[in-house]
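What follows is a short report on a single structure.
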Amino acid sequence: MSLSHSPITKIRVGCPAHNCGGRCLLIAHIEDGKIIRLDADDRPDTIAAPQLRACARGRAYLRRQYHPDRLMYPLKRVGKRGEGKFDRISWEEALDTVAAQFERVKKQYGNHAILIPSGSGSHQLNGPYVARRLLNCYGGFTNVYNSYSWGATNLATPTVYGTLVTGNQRQDWLNSKYIIMWGWNPAEMRDGTNSDYFMKLARDAEGRGAHVVCIDPRYSPSAAALADEWIPIRPGTDAAMMSAMAYVMLTENLYDAEFVRTHCVGFDASQMPVEGAESYSDYILGVRDGQPKTPEWAEAITAVPAATITRIAREYATTKPAVLYQGYGMQRRAYGEQVVRAGCVLAAISGNVGIPGGWASGLGLQADDGGALWGFFPIGENPVKATVPVFLWTEACIRGKELTQADGIIGAPRMDGDIKLIYAVASNSIINQHANINRTAEILRDESKVEFIVVQDNFLTPTGRFADIVLPVCTQFETWGVEDGWKYGDEVIVQTKLVEPPGECKSDYRICSELAQRLGIYDVYTKGRDEKGWVDWCLDEYRRRRDFPDLPTLDEFIEKNLGAYSKPVTQPKIAFADFRADPEKYPLNTPSGKIEIFSKKLYDLNNLEEIPAVPKYIQEWESPFPSRHCEGDSPKQSPSYGGLLRREERPPRNDGKYPLQAIGHHTLARVHSTHANNDWLQEAFPQRISINPIDAQARDIHDGDLVRVWNDRGELVVQARVTPRIMPGVVDIPQGAWWTPDTNGLDRGGCTNTLTSHRWTPFAFATAQHTIMVEVEKTADDRPQTMLHGLSSIVHRRGSQ
């Protein structure tokens, strides 16, 4: 007897946008209403418009799409917050409850008491965008600004250049002769689909390939595959090496003196906006502090040999044109603003700004009509004007009524009150991805503070375990969507609805629409459009606002199975080219109109020790060196949640108690915390702590041992990987693993944020989560590290509603 099979349909579709740093195209093979295979982009491949090839995470997506632990039904908490005990309820009860809580909190406290936290699990027509539109139509909410990813970079870059658009289009990298990948790992964390590909082309260009140097505490896949040499550096000391490079350039007259004279301010006493203030040259030469920033000085701090620092400085200064590309991990640290500004200044004084093959450093949005726009779905205007730094949302929960502009509040002089309701959509940041998990969990367990929490997600994440109501959501394969090329925005990708959602899952937009109906704002919210209608609307906006006149219509995308539109880049645009050619006619958007090596804006803040007007190396508050600052977390924190009121009151930390620096890189196993339960990716990239053989031998740790990692904030167990690919004195625990505490509070999931501090950077109010000191020991505990996370042990089902 022959078996008949339905024909297989192949549809080009965007890889679900979980903020991996890329935007890729997949080919979905669909049979009998199910996706059975995912392939990568098969369109023509050119340098001007390369294929958008998916990485391991995209290719393994079906293990997430059809995971047995997908949320299928709405849930209501029946235990204590964080216990993970829930009953299944109907959609009617769930949405009625959520709408009633919105009404209660609005009436009792005001719209400012509602928070939508950072969430990057989905974008535009899915995720927090649709929730923000809902609440803006409803009278507003407390929003957050800045990001966990680029917090210090976002605010520090404009203090030098007046903009975030500081990058040439990537095809121009092929014109470079010398490239420094400073803490940058595009082969693993992406940073724009094809950034690693363009870097490879730049290095391999026949007869003119660039020499590529990778500076990183870790021998990353990018160092292995893309670089000619790896220079390990002690975390948190990058600004010291940059300062020493500047010393070599100044004392050996290798800097571009003419460019500095005509295009910069603050380099020396001849161009100071504040008379008598310390110039950049003063700092580098040690005129005020008596310490010249020599390579020998930097060697003692960075662990990079002085001869190496000198050589890199000479090569970067004399091999033109050159790129110094800054990664983001080194600015998610104490004083992260300093390394950003220091990199920008090196680019400026070397004369690599505004030229083909050069790079101005900083954030590096590409010069393609104003940089990436991140989509056009209209969220509307928020009537609540006070906006909180994204990293300070816990402060808004426990002392919101105290927060003022001195605490980073923008849009208003102060917050009107504390947060009472959290609506977390496509977000695992209120537990797993925020710093100091144990402190955050303590705050959220206190129902007199945050009174109601709603979580919308595909799985019961660590954040979901703290919800009062959990709403099951479609994946992006189960609804319509659209996305652009992320940081490098030369593409528009349509996410076609491929299959029907399982169980009772609904899209984020449909959930918000049904809430809008209950809140009496349905017509205002939807404008008569469903998800597909909004895709069509967004495509019109891309044509109008992004200079994409040839962008196909939605019907054309569907009929021709296009999947993506790529705008070819045949003549790469150069950031600041006009400014370089004529700084008087094309001034920068800075107070002086020039590159501000010295920032009067920062000088006027009157906190030169922590926010200097010229970029400086400042020893971190947790450091392997003798203590410069006192330990503790950020100032003005509630004593009832483990904080101290004033930084100067904190006792000195016990130097040597935690001798190892810990970092948490972005791994191919996950997109932040998404895919933490993907068995294929866990098998390929298991969660392990990398430790150098020198540090392992001192602790009798062998490869594969289960080890305990701890500091005063928490402890976890994880398997050890003994490897020379991490420098001595440093350990690496890939970020994003799901926090899985046992009954004693010991995290068995290997989540780095069990150890991180919630202290923020002084200027940007940004995360400093990579500034961590820990100790590691082999544990006799023979219980396995938790790798997969199921619902069966924590969800109490009530029949088959």
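Values computed for the structure shown
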{"quantity": "The one condition in (1) at pLDDT 85 or above; (2) at positive phi that Phe685 fails to fulfil", "calculated": "(2)"}
{"quantity": "Tally of residues being open to solvent by 60 Å² or more (accessible area, probe 1.4 Å) and part of a loop (DSSP other than H, G, I, E, B) across region 536-552", "calculated": "3"}
{"quantity": "Residue list for region 692-701, filter: surrounded by fewer than 18 Cβ atoms within 10 Å (Cβ to Cβ) and free of Cβ contacts under 8 Å to residues at least 40 places away in the same chain", "calculated": "Pro693, Ile694, Gln697, Ala698"}
{"quantity": "Complete set of residues in region 171-187 that are open to solvent by 10 Å² or more (accessible area, probe 1.4 Å) and charged (D, E, K, R)", "calculated": "Lys177"}
{"quantity": "So Leu71, is it more than 30 Å from Pro186 (Cβ to Cβ), open to solvent by less than 40 Å² (accessible area, probe 1.4 Å) and touching an Asp or Glu at 6+ places or on another chain (Cβ under 7 Å)", "calculated": "yes"}
{"quantity": "Positions within region 473-491 being hydrophobic (A, V, I, L, M, F, W, C) and touching a Lys or Arg at 6+ places or on another chain (Cβ under 8 Å), in sequence order", "calculated": "Val473, Cys474, Phe477, Trp480, Trp486"}
{"quantity": "Residue ID - nearest to Ala131 (Cα to Cα), chosen from residues in region 391-420 that are open to solvent by less than 10 Å² (accessible area, probe 1.4 Å) and not in a helix (DSSP H, G or I)", "calculated": "Ile419"}
{"quantity": "Among (1) touching a helix residue (DSSP H, G or I) at 6+ places or on another chain (Cβ under 8 Å); (2) over 30 Å from Gln366 (Cβ atoms); (3) of a type outside the set (A, V, I, L, M, F, W, C), the one test that Thr479 misses", "calculated": "(2)"}
{"quantity": "Subset of region 514-533 (residues that are open to solvent by 10 Å² or more (accessible area, probe 1.4 Å) and either in contact with a Gly (Cβ under 6 Å, 6 or more places away or on another chain) or of a type outside the set (Lys, Arg) (or both))", "calculated": "Glu514, Gln517, Leu519, Gly520, Ile521, Tyr522, Asp523, Val524, Gly528, Asp530, Glu531, Gly533"}
{"quantity": "Out of Ile422, Ile430, sole residue that is touching a Ser or Thr at 6+ places or on another chain (Cβ under 8 Å), at negative phi and among the hydrophobic types (A, V, I, L, M, F, W, C)", "calculated": "Ile430"}
{"quantity": "Of all residues making up region 281-302, the number that are surrounded by fewer than 21 Cβ atoms within 10 Å (Cβ to Cβ) and basic (Lys, Arg)", "calculated": "1"}
{"quantity": "Qualifying residue in region 199-209 (condition: surrounded by 23 or more Cβ atoms within 10 Å (Cβ to Cβ) and farther than 30 Å from Gly286 by Cα)", "calculated": "yes"}
{"quantity": "Qualifying residue in region 557-580 (condition: aliphatic (A, V, I, L, M), within 27 Å of Asp268 (Cα to Cα) and loosely packed, with under 14 Cβ neighbours inside 10 Å)", "calculated": "no"}
{"quantity": "Condition met for Phe579 (farther than 26 Å from Leu174 by Cβ and among the aromatic types (Phe, Trp, Tyr))", "calculated": "no"}
{"quantity": "Boolean, Ala780 is modelled with pLDDT under 95 and either outside any loop (DSSP other than H, G, I, E, B) or not acidic (Asp, Glu) (or both)", "calculated": "yes"}
{"quantity": "Count - residues of region 245-301 that are among the basic types (Lys, Arg) and under 30 Å from Ala577 (Cβ atoms)", "calculated": "1"}
{"quantity": "Given (1) open to solvent by 30 Å² or more (accessible area, probe 1.4 Å); (2) outside any loop (DSSP other than H, G, I, E, B); (3) farther than 22 Å from Gly327 by Cβ; (4) among the charged types (D, E, K, R), number of the condition Asp196 does not satisfy", "calculated": "(3)"}
{"quantity": "Residues being touching a strand residue (DSSP E or B) at 6+ places or on another chain (Cβ under 7 Å) and surrounded by fewer than 23 Cβ atoms within 10 Å (Cβ to Cβ) - total across region 741-773", "calculated": "3"}
{"quantity": "Those residues of region 432-465 which are assigned to a loop (DSSP other than H, G, I, E, B), touching a helix residue (DSSP H, G or I) at 6+ places or on another chain (Cβ under 6 Å) and under 23 Å from Val105 (Cα atoms), in sequence order", "calculated": "Lys449, Val450"}
{"quantity": "Phe259 crowded, with 24+ Cβ neighbours inside 10 Å and more than 27 Å from Leu52 (Cβ to Cβ)", "calculated": "no"}
{"quantity": "Residues satisfying the stated conditions in region 205-230, i.e. more than 24 Å from the chain's Cα centre (by Cα) and of a type in the set (Val, Ile, Thr)", "calculated": "Val212"}
{"quantity": "Yes/no for Tyr316 being at pLDDT 95 or above, closer than 29 Å to Lys573 by Cα and not in a helix (DSSP H, G or I)", "calculated": "no"}
{"quantity": "Scope region 238-258; condition out of contact with any Ser or Thr (no Cβ under 8 Å at 6 or more places or on another chain) and in a helix (DSSP H, G or I); matching residues", "calculated": "Ala239, Met242, Ser243, Met245, Ala246, Thr251, Ala257, Glu258"}
{"quantity": "Residue that is under 30 Å from Lys506 (Cα atoms), surrounded by fewer than 24 Cβ atoms within 10 Å (Cβ to Cβ) and touching a Ser or Thr at 6+ places or on another chain (Cβ under 8 Å), where the choices are Tyr138, Tyr148", "calculated": "Tyr148"}
{"quantity": "Top-ranked residue in region 421-476 [being free of Cβ contacts under 8 Å to residues at least 60 places away in the same chain and among the polar types (S, T, N, Q); ranked as least open to solvent (accessible area, probe 1.4 Å)]", "calculated": "Thr463"}
{"quantity": "Single residue of Val388, Val340 found to be part of a helix (DSSP H, G or I) and either modelled with pLDDT of 95 or more or closer than 30 Å to Ser623 by Cβ (or both)", "calculated": "Val340"}
{"quantity": "Meets criteria (out of contact with any helix residue (DSSP H, G or I) (no Cβ under 7 Å at 6 or more places or on another chain) and modelled with pLDDT of 95 or more) for Lys506", "calculated": "yes"}
{"quantity": "Any hit, region 373-381, residues being under 21 Å from the mean Cα position of the chain (by Cα) and crowded, with 24+ Cβ neighbours inside 10 Å", "calculated": "no"}
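Residues checked against (1) within 18 Å of Ile574 (Cα to Cα); (2) of a type in the set (S, T, N, Q); (3) in contact with an Asp or Glu (Cβ under 7 Å, 6 or more places away or on another chain); (4) open to solvent by 10 Å² or more (accessible area, probe 1.4 Å):
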{"position": "Val304", "(1), (2), (3), (4)": "no, no, no, no"}
{"position": "Thr310", "(1), (2), (3), (4)": "no, yes, no, yes"}
{"position": "Ala322", "(1), (2), (3), (4)": "yes, no, no, no"}
{"position": "Tyr325", "(1), (2), (3), (4)": "yes, no, no, no"}
{"position": "Ala334", "(1), (2), (3), (4)": "no, no, yes, no"}
{"position": "Glu337", "(1), (2), (3), (4)": "no, no, no, no"}
{"position": "Trp359", "(1), (2), (3), (4)": "yes, no, no, no"}
{"position": "Gly364", "(1), (2), (3), (4)": "yes, no, no, no"}
{"position": "Ala367", "(1), (2), (3), (4)": "yes, no, no, yes"}
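The values are calculated or read from the model by the stated rules, or taken from the named source; none is laboratory data. Please read all numbers here as calculations on a predicted model, not as lab measurements. Methodologically, a virtual Cβ is constructed for each residue, glycine included, from the backbone with ideal geometry; neighbour enumeration extends over all protein chains shown. In case anyone asks, the SASA skips ligands and DNA or RNA and just uses the protein heavy atoms, side chains included. Shrake-Rupley method; radii C 1.70, N 1.55, O 1.52, S 1.80 Å.
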